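Since the structure comes first, as structure tokens, the remarks are kept for the end.
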Amino acid sequence: MSDSKLDIEIRKLIEPDFNLIDGFIETQIRTIPRDFFFPPSSTIIKMALKKDTGISHGAFDNEKLIGIRLTYRPGLDIENHGYDLNYDNKQLNQVAQFHGTLILDNKRYKGIGNRLVSENVSDIFNGFSNIILATVHPDNDSSIRMLEKNGFDRKVRTFKYSNLPRLIFEKRK
Ligand SMILES: CC(C)(COP(=O)(O)OP(=O)(O)OC[C@H]1O[C@@H](n2cnc3c(N)ncnc32)[C@H](O)[C@@H]1OP(=O)(O)O)[C@@H](O)C(=O)NCCC(=O)NCCS
């Protein structure tokens, strides 16, 4: 789908995009307050790109990657935020988990994050999963707004990723 106003295309990310995404995260991480974005491991990126374990989207401006939304299925792995919400195993196995949304520094606050989340959510609910979980730093107002605008509910406040404060957000189909 393309956006004539911004000339942005949103499309699904696939396994051959791994190096592109890895490089994008490496350069953009320096532009974000230190505790806001915990970089995903290579394993999580790979799971987010594999068809049976993930469903992820990228925003492209004339073929240049300018934003990512990585989502994977953690299953019963300890990383699953469903444990913090007392999910049973059936629910844990259903979870589609966000690992951050990241927009190129000079393209932020133009609605691209909102669009990436919206398209990612509708694809997830189209057969991949019925439950989505996301975490956000309690001071990351724009990210919280982005999730709330897309219908996510704030659940609990906890610590994640080696003791960083995080709010857990949930969205159900
Ligand atoms: C957080 C982020 C993904 C949001 O995506 P975005 O494309 O920049 O944001 P959007 O244009 O979709 O707007 C989202 C909200 O940001 C807020 N916002 C708008 N302009 C802003 C500004 N100049 N400064 C701060 N926040 C602003 C608004 O509340 C907006 O919601 P609204 O349109 O309902 O008012 C993006 O800014 C980003 O990559 N930030 C750095 C990485 C990060 O923190 N990721 C989240 C980790 S969970």
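Values as computed for the structure displayed
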{"quantity": "Given charges at Cβ of Lys, Arg, Asp, Glu: segment 2-172 dipole, positive-most of Ser42, Tyr83, Leu13", "calculated": "Tyr83"}
{"quantity": "Rg/Rh ratio calculated on Cα atoms of segment 61-173 (Kirkwood radius)", "calculated": "0.96"}
{"quantity": "Kirkwood estimate for segment 70-128, i.e. one over the average of 1/r between Cα atoms, Å", "calculated": "12.9"}
{"quantity": "Expected-Rg normalisation [2.2 N^0.38 Å, Cα atoms] applied to segment 6-45", "calculated": "1.34"}
{"quantity": "Cα centroid of segment 48-106 to Cα centroid of segment 115-156, whole Å", "calculated": "10"}
{"quantity": "Helical contribution to [θ] at 222 nm, DSSP H n ≥ 4, -39,500 (n - 2.57), averaged over the chain, rounded to 500", "calculated": "-7500 deg cm²/dmol"}
{"quantity": "Over segment 1-122 - Rg/Rh using Cα atoms and the Kirkwood inverse-distance radius", "calculated": "0.98"}
{"quantity": "Extreme residue, positive dipole direction of segment 2-172, given options Leu104, Gln28, Ile168 (C-beta unit charges)", "calculated": "Ile168"}
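Where a number appears in this text, it was derived from the coordinates with a stated rule and is not lab data. Just so we're clear, the structure is a prediction, and the values are computed from it rather than from any experiment. Positions of Cβ are generated from backbone atoms using ideal geometry, with glycine treated the same way; all protein chains shown enter the neighbour counts.
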